[in-house]
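K.L.:
Following this message is one structure expressed as structure tokens.
The values are calculated or read from the model by the stated rules, or taken from the named source; none is laboratory data. Keep in mind the model is a prediction, meaning the values are calculated, not measured. Cβ placement follows ideal geometry from the backbone for every residue including glycine, while neighbour counts extend to all protein chains displayed. With ligands, DNA and RNA removed, areas are computed over all heavy atoms of the protein, side chains included. Shrake-Rupley method; radii C 1.70, N 1.55, O 1.52, S 1.80 Å.
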Amino acid sequence: MLVEGPASRELCDKISEQTGKETVKVKSKVFPDGEIYVKLKGDVEGKNCTVVQTTYPNQHLLELYMIQDALKENGAASIDVMVPYYAYARQDKIFEEGEPISARAFAKRIEMDADNFYSIDLHSEKIVDFFDIPAENLSAMPLLARYSKEKDPDILFSPDEGGVERVKKAAEELQMQWDYLEKTRIDANTVEIKPKNIDVGGKSVVILDDIIATGGTMTEAAKQLKKAGAEEVHAGCTHGLFAGDAVEKLEKACDSVFCTDTIEQEKSQVSVAPLFADVIERFE
Ligand code: R5P
């Protein structure tokens, strides 16, 4: 059975359509004092259950814990957890003394009531090692690559060196060239950002990243590519957080902006449902 977390209702319905699995809805509400409430709207006793729930923003993280507890309490035979966007993944190590490893802290809570964990384009691959249950990181890059074809790109780009493995996966899917933007410090006050290897003059470029949060990284990358002569620059990501005025900024700097439905919203042009459906069908 699929358990439809309040953060991922449409995605869960798509997974259900693709796999033919029955779904259990979850009622959720926020009390006037800000505390939240969830209730399973179906019988899960003795059933193998798969919860689909993104953990952003914070309320959805708490809902996930509560749903897992409710499944255990109501006799689910097994609990698999599919988290399309795993929040707090960027705090996957201690940057400054006194900090937690947030990505690990939440993994520890999730695994308390779970048999398997799946997520998509985790900010860092090492997050799967924070789980003591089987954990798998799926990639939406081939799906984003196929959607990118609509933009008729000449080349795919990562906005920085850290995203190279991701963009390589997308480029393999389209059998296409890829590159990344390299930052070079010229002096204390000057940083130069430019394409590492390929001349983008007159070309159409799709930049792909895992996360767009404030849009700062992607906007800067788009500006630099246009400065380097790119004709068109499109921006795509797996997880569209789009904080504050991110969309506005991106729409000024890029020719189009798109993301997947790991966080359901207006810019979700690509569904990750096939990735989770494949996992479910693997166990048939
Ligand atoms: C950074 O390592 C990530 O891959 C993203 O590039 C980053 O989180 C994007 O954040 P923002 O949109 O705030 O620049």
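K.L.:
Right, residue 220: in contact with a Pro (Cβ under 8 Å, 6 or more places away or on another chain), charged (D, E, K, R), assigned to a helix (DSSP H, G or I) and surrounded by fewer than 23 Cβ atoms within 10 Å (Cβ to Cβ) or not? Give the derivation first.
P.N.:
Values: in contact with a Pro (Cβ under 8 Å, 6 or more places away or on another chain): yes; charged (D, E, K, R): yes; assigned to a helix (DSSP H, G or I): yes; surrounded by fewer than 23 Cβ atoms within 10 Å (Cβ to Cβ): yes.
Here the answer is yes, as residue 220 does meet what is asked.
K.L.:
Continuing with the same structure: Applying the selection to the stretch 106-125, what residues are open to solvent by 40 Å² or more (accessible area, probe 1.4 Å), at pLDDT 95 or above and not aromatic (Phe, Trp, Tyr)?
P.N.:
Initial filter on the stretch 106-125 (open to solvent by 40 Å² or more (accessible area, probe 1.4 Å)): 106, 108-109, 112, 115, 123, 125.
Subset that is at pLDDT 95 or above: 106, 108-109, 112, 115.
Once the filter is applied, which keeps residues that are open to solvent by 40 Å² or more (accessible area, probe 1.4 Å), at pLDDT 95 or above and not aromatic (Phe, Trp, Tyr), the stretch 106-125 yields 108, 109, 112, 115.
K.L.:
So residue 212 clears everything in (1) within 13 Å of the ligand (Cβ to nearest atom); (2) under 25 Å from residue 264 (Cβ atoms); (3) open to solvent by 30 Å² or more (accessible area, probe 1.4 Å) except one condition, right? Which one?
P.N.:
Just one mismatch for residue 212, condition (3).
K.L.:
Got at least one residue in the stretch 1-10 being among the basic types (Lys, Arg), over 24 Å from the mean Cα position of the chain (by Cα), open to solvent by 80 Å² or more (accessible area, probe 1.4 Å) and in the same structural domain as residue 116 (by TED's automatic domain parsing)?
P.N.:
Going through the stretch 1-10, the residues among the basic types (Lys, Arg) turn out to be 9.
Okay, now just the ones that are also over 24 Å from the mean Cα position of the chain (by Cα), so none.
No, that holds for no residue.
K.L.:
Tell me, which residue of the stretch 243-266 that is open to solvent by 30 Å² or more (accessible area, probe 1.4 Å) and part of a loop (DSSP other than H, G, I, E, B) is farthest from residue 6 (Cα to Cα)? Steps first, please.
P.N.:
Applying the first criterion (open to solvent by 30 Å² or more (accessible area, probe 1.4 Å)) to the stretch 243-266 yields 243-245, 247-249, 251-252, 255, 264-266.
Retained after the next criterion (residues that are part of a loop (DSSP other than H, G, I, E, B)): 243-245, 255, 264-266.
Working: 243: 20, 244: 23, 245: 25, 255: 32, 264: 11, 265: 14, 266: 17 Å.
Only one residue tops the list, namely 255.
K.L.:
Select from the stretch 186-211 the residues that are at pLDDT below 95 and among the aliphatic types (A, V, I, L, M) and list them in ascending order.
P.N.:
Of everything in the stretch 186-211, those that are at pLDDT below 95 and among the aliphatic types (A, V, I, L, M) turn out to be 186, 188, 191, 193, 198, 200.
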